[in-house]
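Have a look at the structure below, then the notes.
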């Protein structure tokens, strides 16, 4: 199990290979890879770059607690959460959540839960630069709704 916040890029294939090497009983690996989009969702302006900031120490703690929750809810054999900070360009990788389980159902559910909770709990801030200037990205109601649906399901 691993949680990392870093400025440098990561290699998806290497991360998945490292997880798979932990047990021959792994039957499913589900990944979520988040990327910087080149268009801002609200006004359609072209994104030139995105700067991600976090609350050092607190962010790692929140992600570690999230990982522990995932382990309690599903039969996770291994897992990694990587989130980048700093200045990124369109198409750059931002976040990776990868979950290994014996069966696909647990892997899909655990990965979706981790990502939904990360979006609403982890103290990250995004600032987009467009040709029209820079602005902080606001939280989305759809992220809150995705997180809330898990509150209705028992662990």
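How big is the equivalent ellipsoid of the range 2-132 along its three axes, where each semi-axis is √(5λ) from the Cα gyration tensor, reported in whole Å from largest to smallest?
On the way: eigenvalues 157, 46, 35 Å².
Listed largest to smallest, the semi-axes of the range 2-132 are 28, 15, 13 Å.
Remark: 26, 82 ranked as 26, 82, counting other beta-carbon atoms within 10 Å and listing the fewest first. Reducing the range 100-124 and the range 1-65 to their Cα centroids gives an inter-centroid distance of 12 Å. Estimated from the Cβ-Cβ distance and a Förster radius of 25 angstrom, the FRET efficiency linking residue 24 and residue 108 is about 0.75.
Coordinate-derived values only; no laboratory data. Bear in mind that the values here come from a model prediction, so they are computed numbers and not experimental data. Positions of Cβ are backbone-derived with ideal geometry, glycine not excepted, and every protein chain shown enters the neighbour counts.
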